[in-house]
Amino acid sequence: MIGFADVSFTYDGADRPTLDRVDLTVGEGELCVVVGPTGSGKTTLLRAVNGLVPHFTGGRLSGTVTVDGRSTREYPPRELADVVGMVGQNPAASFVTDSVEDELAYTMENLGLDPSVMRRRVEDTLDLLGLHELRDRPLATLSGGQQQRVAIGAVLTASPRVLVLDEPTSALDPAAAEEVLASLTRLVHDLGLTVLLAEHRLERVLPFADTMVLVRGPGSPLVVGSAADVMVDSPVAPPLVELGRLAAWEPLPLSVRDARRQAGGLRLRLHGARPATRDAPAGAPLASVHSVTVRYDDVTALDAVSLGFGSGEIVAVMGRNGSGKSTLLGQLAGVRRPSSGTVRVDGLDPAGLDPRALVARVGLVPQDAGVLLYGETVADECAGADRDTDLTPGTTAAVLERVLPGLDLDRHPRDLSEGQRLALALAVVLAPAPPLLLLDEPTRGLDYPGKARLVRLLAELAAAGHGVVMATHDVELVAQVATRAVVLAEGEVVGDGPAREVVCHSPVFAPQVAKVLSPDPWLTVDEVRAALSQEPVRG
Amino acid sequence: MPARSGRRGLHPGAWWLWAACLAGAASRTTNPILLLLIGSVAAFVVAARRTSAPWSRSLAVFLRLGLAVIVLRVVLVVVFGNRLPGHVLFTLPHVPLPSWAEGVSVGGPVTAEAVLQAVVQGLRLAVVLLCFGAANSLASPYRLLRCLPAVLYEAGVAITVALAFAPELVVAIGEVRAARRLRGRPVRGFAGLRGMAVPVLESGFDRSLQLAASMDARGYGRRVPVSAGARRWASGGTAVGLLLVVGGVYGVLVAGSLPGGGIPFVALGAVLVGVGLAAGGRRTQRTRHRPDPWGTPEWLVSASGAVVVGCLVGAGVLGVSGLQFSVYPLSLPTLPPVAAAGILFGLLPAWVAPVERRRTPSVRAGRPGTPDGPDRGRAPAARPTTGPVVVVAPGGRTGDRAA
């Protein structure tokens, strides 16, 4: 269905190819997952399928990409719209109309379908993706998960034979991600659709994958195979697979259910052992919100929330899309004044501080990290950050080297991958060493090594007395590093306590290891590994 | 004509027609009272009929732009002067310039007449800008895009990028301000302005290009084969027609530059464009899911705009006094009643345009969850309890997985 034959692609001005002699065949009706480190060219690979690369990006493509027998050389993206449906990383940016129903019909209108056919397909798609209650809603008012489903529906109505998705669950809470993936599986099973999707959060997609493509970056050939085969020695692997490798399970489990069936022995071996406590030191108070309410028009985003944050703490703020997590971070960073209540950071009202005084006390990395970056090059960006806050020249670059080693300093921030941009934004915010660090969805677009570096960095910062508050959907990140978890629902605090307790007892927020080894409170593979290494040798 | 579904707002084309008529009317007068009246009419209608969409805040931005135009105009007159004689307010030191800069003078006496004239001329431009802002606030750029014929594909994409640009810019300004504050950089004053210009433009361009790429990937501009001759006729007719329209609009805006006030040119051009588009339309295979209806409200709104511009053009042709404001002698402008009454017709849309009824979401949602955060303008909102209910057992998989 999709064929890459000896495809190389070089962006204009780049000195080495992003895709290097790629050969790949994806058969009809397969759900194929593309994995690989940050910046290895996954997005480029996906966008080459319908010809957006190179028709829209420029650059030089050699070899041939064929979809359903049509070569992207002869067919521009618009002539492939009836065969390939493409859903980008940021679904909101791909919307062409402003209401759900119009958006669903747009591709069909361009294909010139009969209005009666359009009506029927719109209805079918609304049902298929559970969107019928949203049909008249303006797109701007949808939640992230709903936007993602609308974006998928909008390309599905044209009944393409291939669906290409770039990180379809990265912005979604665990339950919404589950919904989207369930819809996709239904399409593959019922309609014989071929799906090619890239995803960093492997733990979410692995159970659904038929085949897997491992992109290892320029210069190394792709690894293609069944999910279980590729996972045996993949450098990127979800906690489940790592647990399987540790316990030498054969075959490697790809779903929690598989793992639990093999885990009896491991649970016995771990019997009596307890994970090392991850106690939050009772540090000095850094910031607090006191009965803060934030309203936008008729919506209450935060409802009388009172919380305190101390140094040395790593607090994970969890909850559904739209439960008020970002608003809470925005309050601590003084982005907006609360409708009522008081916010204090270092004893001061952050909304009243001038920008320089603000960044010395609190740093926020927003969800779309790219908005913080304006420099012409990475080096320029770092130098600018040093100047902004009167740091010794080179400080930011040094922080960047710790967050993401080996980033090319001459590249333009806009040409970086999502994950690289995040690393750069993180370095810029961390450079003035604000006592309170706020992260909004920090692992979006980050690969496992990147996440591991972030975890180390956050642990170091906490040990040095910084307070970290992060809003995240990534339960594995919370499992690895958080000392305390706060759960928000509809703007109210519904849970607040040590991360292990909050997370282990929640069905939605439990990490994979906890699900496999419940009821014992293990959170990460590292904890299990440490416990096993202390295990007395048994005859 | 399909029945109006009730939840749709006015056809965006009608808003643009109405706003263009107001702008045309504004360009026909220099009477500050009439100009202010036109501006107020536009602002009133926006206040009455705008939605909560991100672009509905465009008016404020255009208002500021208009004020900046007036200030700039006055500053230029004070510094470089047009040496209108009259009451001298103050005198700037004269700066001698080299001989090659003959004709340009810097400094000298500044008269009340010169300043007043600059204010009035600036005001006229500001009101035209305001009308443009009103159209931007009222008409959804996305719906307008869907009405664009896909005949001239490249031109279509260019128009897309241009149309989506202004509203996206307004969204981008908010984002960049918030982000700059987080970087510890100034957000106010000249330093703030200079630092913000590049990122704001960049993100506006980015968004517009993403939109264009997305339209392409979803089949915008697909063609069916047609003979080369037919294609040439279609493109040629449309191009010549557009040129005539542009020339004619110039004639309407600049009184006396073309015979008949340029209106015959606009009419002829429009016919040519229509024929060209119809011929070219055979090359595209587009159909409409739910066509935006052009019904009574659309006719009424366009007609109200036509009345406004008609009254001012007519008054100009008939030589009604008070349409042009003169600084000699310095006196308060008079109010020509016919023109003023005509302008008030422009208020009609505030009542006849249908309100865009947006169905209230079942559970509390409606507004982006993080409008204060530097988000993409279409931020996620509270997730209503739609879709399948996810039942999960601790330690197990979620129960909602499709087979």
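The values are calculated or read from the model by the stated rules, or taken from the named source; none is laboratory data. As the structure is a prediction and not an experimental result, all values here were calculated from the model. So basically every Cβ, Gly included, is an ideal-geometry build from the backbone, and we count neighbours across all protein chains shown.
Yes or no: region B:245-257 includes at least one residue that is surrounded by 14 or more Cβ atoms within 10 Å (Cβ to Cβ), at pLDDT below 75 and part of a helix (DSSP H, G or I).
yes
Out of the residues in region A:316-331 meeting the condition of being within 7 Å of another protein chain (Cβ to nearest Cβ) and more than 19 Å from A:Gln146 (Cα to Cα), tell me which one is surrounded by the fewest Cβ atoms within 10 Å (Cβ to Cβ).
A:Thr327
For region A:114-152: of the residues being within 16 Å of A:Asp82 (Cβ to Cβ) and free of Cβ contacts under 8 Å to residues at least 12 places away in the same chain, which is nearest to the other protein chains (Cβ to nearest Cβ)? Before you say what the answer is, go through the steps one by one.
Filtering region A:114-152 for residues within 16 Å of A:Asp82 (Cβ to Cβ) gives A:114, A:117-118, A:121, A:125.
Imposing the further condition that a residue be free of Cβ contacts under 8 Å to residues at least 12 places away in the same chain reduces the set to A:114, A:117.
Numbers: A:Asp114: 7, A:Val117: 9 Å.
Only one residue tops the list, namely A:Asp114.
Taking the conditions exactly as written (away from every other protein chain (no Cβ under 14 Å), within 13 Å of the chain's Cα centre (by Cα) and either in a loop (DSSP other than H, G, I, E, B) or farther than 30 Å from B:Pro291 by Cβ (or both)), does B:Gly39 satisfy them or not?
For B:Gly39, the condition - away from every other protein chain (no Cβ under 14 Å), within 13 Å of the chain's Cα centre (by Cα) and either in a loop (DSSP other than H, G, I, E, B) or farther than 30 Å from B:Pro291 by Cβ (or both) - is not met.
Looking at region A:12-40, which of its residues are over 22 Å from A:Leu80 (Cα atoms) and in a loop (DSSP other than H, G, I, E, B)?
Passing the criteria: A:Asp12, A:Gly13, A:Ala14, A:Asp15, A:Arg16, A:Pro17, A:Thr18, A:Gly36, A:Pro37, A:Thr38, A:Gly39, A:Ser40.
Among the residues of region A:244-274, how many are within 14 Å of chain B (Cβ to nearest Cβ) and loosely packed, with under 13 Cβ neighbours inside 10 Å?
2
Residues that are in contact with a Leu (Cβ under 9 Å, 6 or more places away or on another chain) and of a type in the set (D, E, K, R): does region B:115-127 have at least one? First the steps, then the outcome.
Kept after step one, since they are in contact with a Leu (Cβ under 9 Å, 6 or more places away or on another chain), are these residues of region B:115-127: B:115-118, B:120, B:122-124, B:126-127.
Within this subset, residues satisfying the condition of being of a type in the set (D, E, K, R) are B:124.
Taking every residue of region B:115-127 in turn, at least one turns out to be in contact with a Leu (Cβ under 9 Å, 6 or more places away or on another chain) and of a type in the set (D, E, K, R).
Can you tell me which residue among B:Leu300, B:Leu268, B:Leu277, B:Leu272 is assigned to a helix (DSSP H, G or I) and in contact (Cβ under 8 Å) with a residue 60 or more places away in the chain? Before you say what the answer is, go through the steps one by one.
Numbers: B:Leu300 fails: in contact (Cβ under 8 Å) with a residue 60 or more places away in the chain; B:Leu268 fails: in contact (Cβ under 8 Å) with a residue 60 or more places away in the chain; B:Leu272 fails: in contact (Cβ under 8 Å) with a residue 60 or more places away in the chain.
Within the list B:Leu300, B:Leu268, B:Leu277, B:Leu272, the selection yields B:Leu277.
Note down all Cβ pairs under 6 Å where the first residue falls in region A:1-25 and is among the basic types (Lys, Arg), the second is surrounded by fewer than 21 Cβ atoms within 10 Å (Cβ to Cβ), and they're at least six residues apart or on different chains.
What qualifies is A:Arg16/A:Pro218; A:Arg21/A:Asp6; A:Arg21/A:Ser8.
Among the residues of region A:305-312, is there at least one that is among the aromatic types (Phe, Trp, Tyr) and more than 21 Å from A:Val486 (Cα to Cα)?
Filtering region A:305-312 for residues among the aromatic types (Phe, Trp, Tyr) gives A:309.
From what's left, more than 21 Å from A:Val486 (Cα to Cα): none.
No, the conditions are met nowhere in region A:305-312.
For region A:338-359, how many residues meet the condition of being in a loop (DSSP other than H, G, I, E, B) and under 29 Å from the mean Cα position of the chain (by Cα)?
Adding up the residues that qualify gives 1.
Can you tell me how many residues within region A:477-498 are within 19 Å of the chain's Cα centre (by Cα) and modelled with pLDDT under 90?
0
Which members of region A:335-356 meet the condition of being surrounded by fewer than 15 Cβ atoms within 10 Å (Cβ to Cβ), out of contact with any Gly (no Cβ under 8 Å at 6 or more places or on another chain) and among the small types (Gly, Ala, Ser)?
Passing the criteria: A:Ser339, A:Ser340, A:Gly347.
Within the group A:Val188, A:Val241, A:Val223, which residue is more than 20 Å from the chain's Cα centre (by Cα) and either buried (at least 23 other Cβ atoms within 10 Å of the Cβ) or over 29 Å from A:Thr10 (Cα atoms) (or both)? Let's see the steps before the verdict.
Working: A:Val241 fails: more than 20 Å from the chain's Cα centre (by Cα); A:Val223 fails: either buried (at least 23 other Cβ atoms within 10 Å of the Cβ) or over 29 Å from A:Thr10 (Cα atoms) (or both).
Within the list A:Val188, A:Val241, A:Val223, the selection yields A:Val188.
Would you check which residues across region B:93-130 are at pLDDT 85 or above and not in a helix (DSSP H, G or I) and list them?
Here is the first cut: in region B:93-130, the residues at pLDDT 85 or above are B:110-130.
Matches in region B:93-130: B:Val110, B:Thr111.
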